[in-house]
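Input: a single structure, listed below in structure tokens.
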Amino acid sequence: MIIDLQTLDWVAISAIITLLMAIATFCSLWQNRKQLNELKRQWEEVHKPHVIAVLCRYSSKCYVVIKNISNNYAYCINVNLSIHCIEDKYYNYEIKDKIKEVSFNLEPNGKKEFLLLLQYWPEKHYDGYIDIQLSYNKKFYDEITLHLSELNIIEDAISNENAIAEKINRLTSVIETKRFL
């Protein structure tokens, strides 16, 4: 097969090749746009504060602790709390009013504690749950449910800190002993 180069329509061929290049460029730009949107989403996820609520026990008292577990500031934190449990004289029912009145900020890895139980009894079974609605940074919202039955499995934070301090003291004495050997 012999092709005569003079009879080919070079304008039509260059138009087809240009069209193919335009389609390839469009596909490339479309893919770049999707990658840019994913990078934006990842950046926002990494740089947004993460505020959580947990139950914590110190000695004989229990607290609802609001924590910022991120490396970014959380501001304008508003908490709405509703306790669903059987009446108990040891519950601090003023907690709902105190939390509603407060709008606060938390530094990275910061926390704020609100007294929940005036007296914790380990042998008692606590029924019910707490619904918590969090809003922060004027655009993030979260709903958390804390079950009061978890109070019996939560370690006492002070005894845990004391155990850690005791282990550090033991390690220090071992290091001192080995230093002299």
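Read the figures in this text as sums done on the coordinates, not as results from a lab. None of the values given here were measured: they were computed from a predicted structure. Here Cβ is always computed from backbone atoms with ideal geometry, including for glycine, and neighbour counts include all displayed protein chains.
Observations on the model:
- Taken over the Cα atoms of region 5-76, the convex hull encloses 121 Å³ per residue.
- Amide H within-cut-off set for Gly128, under 5 Å, with H built and near neighbours excluded: Leu148, Ser149
- Local charge for Lys67 was computed over the other residues whose Cβ lies under 14 Å away, with Lys and Arg +1 and Asp and Glu -1, and equals -1.
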